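Data first, discussion second: the structure below is written as structure tokens.
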Amino acid sequence: MSGQTSLAGHELIAGPYRVELVRSAADLKATDWNDVVHRAAGTIFHTWEWLTAFEEAPPGEFEAAHLLAYEGERLVGICPAYLVRQCPRLDYALALGQAEDLRERGPLLLAHSLAGLHGGPLALPGHQAAAQALVAGLEQAARSLGAWAWGVANVPADGFAGRLLGAGYAGAHVATAYRLDTANAAPAGYWAAMPSRRRSKLYREQRLGGRGLTIAETDLDTDILVRLTHELLREYNTPTDVLPEPFLRAVSRHLRPYARATVATGEDGEIVATFAGWEFAGEWSMWIAGLRTGRYPAFEPYHAMLAHTIDAALTTDTRVLNLGRGNAAVKARYGAVGTPLYLALKSDDRRDTALLHAWCRRLEARSHASPHGLGASSRCC
């Protein structure tokens with residue numbers, strides 16, 4: 001965080017919606033911020049606790065640059081954002097899109113990171129114009145903070161993403177999150193609705209993968225989370241700096257009130273696999289997987305754990321189960337629907353914007369060539 005430019009409380013946009021810049025989560029009122037997240041259908045990745053963890057132990061070099069939109073004195077919109085100086089996930093995307101030279105151009109202002117499953121601004125119902133004001137504020141903040149480009153990461157493919165592309169942003173579909181609507185379903189009806197052949201195959205895979213294991217939803221010790229997560233990353237030759245230990249410990253501690261984890265325990269009592277995540281405002285986000293790779297050369301407990309997680313969501317107040325990125329074919333067989341996530345970027349310099357368009361085209365082509373998109377770099381569950 002050294003060398004941070006001081007613009008705390010700086011007004012970026014005036015008008016019907018006033019936009020201000022805040023340089024630390026400590027300067028935000030958690031209850032007011034989370035109230036907007038909740039009422040604007042945001043997720044755990046927009047919450048004050050996530051921002052606090054990210055600021056405490058960032059997975060790279062980031063400076064907070066959060067935006068708030070007010071109507072009068074009422075907070076009606078928010079946009080988490082970071083001035084990114086170095087990020088392993090962004091470096092991976094630059095390499096994948098053959099644009100490593102863009103790394104040398106300086107910091108990028110991003111709302112908010114590639115680590116989450118949702119990004120971009122949020123606005124209260126009836127205040128959608130505040131989201132546009134926040135985008136204008138993001139552009140102004142980029143100029144004030146010396147960023148050569150700005151944009152949003154992991155914004156869902158809805159009308160907002162389309163408006164960004166229509167405004168000249170370079171865009172790429174970089175990942176897909178797989179979601180299940182669980183609000184109006186019960187376990188018996190959910191499984192019965194599947195074609196019988198598929199249901200029989202899934203039951204067989206669940207029985208085989210769960211042999212000798214106890215699958216349960218339980219508290220997860222942070223030491224175990226770090227160890228199993230890093231074992232699985234190494235198994236797939238993924239650098240652990242995409243999810244460094246201090247970051248995992250910070251999110252585990254700050255987001256503990258929302259934690260929901262599915263774990264597989266062997267007959268000897270050892271936890272050998274986990275799906276770790278959190279539930280906020282009725283959306284349960286299974287963010288990451290971990291595995292004792294020395295005992296399981298493949299993720300054999302996967303089907304049994306996935307079935308247990310779905311049943312747990314169906315029998316609680318969970319409205320949406322977000323199964324994260326990766327393993328697209330398997331999640332689709334369980335009825336999950338893909339939600340495309342976009343990276344959208346822009347620069348004041350037309351030549352730089354042209355380079356961003358070229359990068360995004362190559363990036364999208366490469367990510368589409370993989371069934372996991374950019375999720376392959378993180379092995380999130």
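The values are calculated or read from the model by the stated rules, or taken from the named source; none is laboratory data. These numbers come from a predicted model, not from an experiment. Counting neighbours? That spans all protein chains shown, and the Cβs are built from the backbone with ideal geometry, glycine included. Please note that ligands, DNA and RNA were not included when accessible areas were found on the heavy atoms of the full protein model with its side chains. Shrake-Rupley method; radii C 1.70, N 1.55, O 1.52, S 1.80 Å.
Between Val251, Val242, the distinction of being touching a Ser or Thr at 6+ places or on another chain (Cβ under 6 Å) and either modelled with pLDDT under 95 or open to solvent by less than 40 Å² (accessible area, probe 1.4 Å) (or both) belongs to Val242 only. Please find, within region 181-217, the residue that is surrounded by the fewest Cβ atoms within 10 Å (Cβ to Cβ) out of those that are of a type in the set (Asp, Glu) and in contact with a helix residue (DSSP H, G or I) (Cβ under 8 Å, 6 or more places away or on another chain). Per the stated criteria, the residue is Glu217.
Filtering Arg234, Arg260 for residues that are assigned by TED's automatic domain parsing to the domain that holds Asp311 and assigned to a helix (DSSP H, G or I) leaves a single hit, Arg234. Scanning region 152-188 for residues that are in a strand (DSSP E or B) and among the small types (Gly, Ala, Ser) yields Ala153, Ala170, Gly171, Ala172, Ala175, Ala177.
Among the criteria (1) assigned to a helix (DSSP H, G or I); (2) closer than 30 Å to His38 by Cβ, the one Leu356 does not fulfil is (2).
Tally the residues that are assigned to a loop (DSSP other than H, G, I, E, B) and at pLDDT below 90, restricting the search to region 302-329. Going through region 302-329 one residue at a time, the tally reaches 3. Filtering Ala307, Ala344 for residues that are over 29 Å from Gly212 (Cα atoms), in contact with a helix residue (DSSP H, G or I) (Cβ under 6 Å, 6 or more places away or on another chain) and not β-branched (Val, Ile, Thr) leaves a single hit, Ala344.
Taken residue by residue, region 61-77 has at least one member that is farther than 23 Å from Trp287 by Cβ, hydrophobic (A, V, I, L, M, F, W, C) and assigned to a loop (DSSP other than H, G, I, E, B). Applying the condition of being part of a loop (DSSP other than H, G, I, E, B) and open to solvent by 10 Å² or more (accessible area, probe 1.4 Å) to region 89-112 and asking which residue is farthest from Ala175 (Cα to Cα) yields Gly106. Of all positions in region 263-271, none carries a residue that is of a type outside the set (Ser, Thr, Tyr), buried (at least 17 other Cβ atoms within 10 Å of the Cβ) and under 16 Å from Leu180 (Cα atoms).
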